[in-house]
Structures are given as C-alpha cells and as structure tokens.
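Data first, discussion second: the structure below is written as structure tokens.
The numbers here are math on the coordinates, done by the rules we state, and not lab data. Computed from a predicted model, the values in this text were never measured in an experiment. Cβ: placed from backbone, ideal geometry, glycine included. Neighbour counts: every protein chain shown.
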Amino acid sequence: MIELRIARRYLWAARKEAHTAFLSLISMLGLAVGVATLLISLALLSGLQGQIKARLIASSPQLLVEPAGGNTIENAAEIEAAARRLGVREIRPMVRGIAWGANQEERRGRPLRLGSSASPRDPDTIALSRDIAAALGLATGDAITIVAPRTRLTPFGPVPLWKRYRVTQLLVPSTEENAPEATLDLSEMERLFGTTGPTSIEMRGAASQADTIQQTLAQEFPNVQVKTWKEINRPLFLALRLEKIVMFVTISLIIFVAALNLISSLSMLILEKRPEVGVLRTLGATERMILTLFLAVGLLIGISGTIAGNIIGLGFAWAANRYHLVPLPSDLYFIRFLPFTIERSDVIGVNVVAVALSILATWYPAHAASRLDPMVAIREEA
C-alpha cells in the first residue's frame, strides 16, 4: 500500500526536524504512559477483586435454597438427596430468626439474630458472639433468656415462649451483614420459631457447577428458590464492576490527553510537507489518498506508543505479581502483597481505546491536508 510506505518515510524523515521529532516523541511517550498506567491499575484492581471473590466463594455457600411461598422448606430431605446426587459435598439445613435475648440478673436485653449451629449441640446451650456477650454482660457459664417471637396458649391465656440457655461458647464476630449473633441446636430453633423444617438450606461444592445444579433443582422443586453464590453477592459484584468501569474511564483521560498531542505533531508535519502534498496531488493522488496517508502517520505514532505502553504495563504487572514487589504488612491486611491479575479483556479494551483515540485525534489534521489546493502548496515551495 503506497500510502503506508509514504507515511513511514515521512515519519522517519521527521527525525531530522528537531521540533517535529520532539512533538512526535512526546505524543508517543504520552500514549505509552497512559496505556501503561491504565494496564497496571486494571491489573491491580482485578487482583484485589479476585482475592475478594475467592474469599466470598470460600465463606459463602455456593447454593442457597429458600422457600418460595412460605417460611419453611417442607420437602427438605428430598432436596438434600437430589443435591447430593448432583455432586454437592456439604449440605447444611438452617433455621434463622430474630428473638429477644436478656440477662435477667443485670436486666439487660436486646434483639438477637438467631441461627442454627453447623453441628448438633446440647439443646440447653447457646453460643454468642463476643460483641453480644459484652453488650449483655455475659460470659461463658452464664445464663441468657431467649424470648421467641410467638406465643403459646395456656389456661391463663397466651404467654410468650421463652427458655433459659447456658452460654458455652463465645464466637468471633462475622463480617457477613446478616450473620447470626447467636446459634442454637437446629431442633431447638425449630421449636422456638414453630417451623416444621429448615427455613433455608446452604450447599457447598464446586463453584463452577453452581449454575448447572441450580437449574436442575429449580426445575425439579418449583416450591423453592435456588440462588447461586453470584446471586447472593450480586450487590457486591455490581459495585466491584462499577468500580472497574469508573477507573477505566477516569484513567483513559490520560490516553485522551496524550492523543490530543498527536494533533500538534501531525499539524507540524503537514505544514512542513505542504509542497510535497501539492506534488502528490498534481501526480494524481486523490483527496482520499492524502487523507489515508496522514491517518497512517498518526496511526503509526499511536501504535508505537501503545506497544511501548503494553510492554511497560504488562511487564511491571507480571513482575510485581511474580516476585511480590509490593509487600503489605500482614498484621494489617489479609494479603501479604498486592496482587496483579492481567485479564485479556482489559488488555484488548485498553488497546482498542488507545488506537481509536489516536485515529480520532489525527482525523482533523489529515482531513485538512487532503483539502489543500495543490497549486497553492507548490507555489509556497517556489
């Protein structure tokens, strides 16, 4: 393609003109810095989000089964059997609810989020979170009174359903928003809240199989709702995705500013090549050929800067993740170093934006060059 050959020749010859070469170099370096910065930032954000997602998968169930039209899962045994056939390795039926907890000796009380314990326990014992125990003034061995949110009929009328439990364990507060503040045996939770079965079933297994198992269970048991770990944590995932989009758009402004420099460098080149453009027009070059010629010049500068930015950005991200170049204090953070994860979609998006902005920035001066009057341009040389 003759336009591309002439574009390379123009760009190579521009090195002899100090001011033109300087502007071209600045444009190229600006694009390289913008591309490298965006790639490094996205790799860091992807690495941190990957750590968050991994911890969510480890801490939250891969599947959550809840009743669709009531507060109890009636056919829990059938659902558990079907899930085990599909490869679910751990199934935990649960009952959750809110009740009143009180320290009668000190006359302290507050609402509690109750949940069934993961393993069977003594029906007369309870496990409290450390925060709740401190708020109620309780320690292991003390007694707490739990008042259920329902009543029972007696010869004297309806009275609240309550029971005293012995505190046998203090739990570390959970980071989950709706985590239980106290746990009881499953049978005891069913008695307090008047359920004939679990109010939810947590299932753990291979996260990659969650969607397939969800579809099968939803078709076989239409009386329940089956959610995957993605749906359970959807608000957080949406926030993480929005964060990545905002960072991409914000840092892309660096590439935009660098691409604007192409206008200056290409305008200077066109000004110097006006006589040659006139000669090309008299030799039969069309406006379209001149437009393509200078677009190719700007594109060569843009691609060169983009390639340099890729080498710097991807190289730094790989080395920082491979050799742990950015350590973190382990006593303050849950990770020992900043992770960098290079995702193909991010790299493609950054390169497309950089090249597209380069083309847009060079369009106006290239279009202006194609509209030059060949006779006026040749007369300037004379």
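Computed quantities for the displayed model
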| item | result |
| --- | --- |
| Qualifying GluC sites (Glu not before Pro) in the stretch 77-149, DSSP loop, other Cβ atoms within 10 Å at most 12 | GLU105, GLU106 |
| Relative compactness, the stretch 235-382, computed as alpha-carbon Rg over 2.2 N^0.38 Å | 1.51 |
| Gain in span if fully extended, TYR333 to LYS230, counting 0.36 nm per residue against the direct Cα distance | 34.6 nm |
| Cα-derived Rg to Rh of the stretch 63-229, Kirkwood definition | 1.03 |
| Potential extension, ASP373-ARG288 segment - 0.36 nm per residue separation minus Cα distance | 29.2 nm |
| Computed over the stretch 295-382, Kirkwood Rh from alpha-carbon pairs, angstrom | 16.6 Å |
| 19 Å Cα cut-off, lysine pairs counted over the chain (separation 8 or more, or different chains) | 5 |
| Shape parameters for the stretch 315-356, alpha-carbon atoms, Rg then Dmax in Å | 13.9, 45 |
| Furthest towards positive pole of dipole, GLN215, VAL353, VAL147, structure part the chain, Cβ charges | VAL353 |
| Interchain or long-range residues, amide H under 5 Å from ASP142's placed H | VAL167 |
| Simple spin-label estimate for LEU29 and GLN51 in nanometres, 7 Å along Cα-Cβ | 3.4 nm |
| Kyte-Doolittle mean at least 1.6 and Cα axial length at least 18 Å: DSSP H helices in the chain | 234-272 |
| Alpha-carbon radius of gyration plus Dmax, which is the widest Cα pair, for the stretch 136-288 in Å | 34.1, 112 |
| Difference of contour (0.36 nm per residue) and Cα-Cα distance, ASN178 to LEU325 | 49.2 nm |
| The chain: radius of gyration over Cα atoms, expressed as a fraction of 2.2 N^0.38 Å | 1.61 |
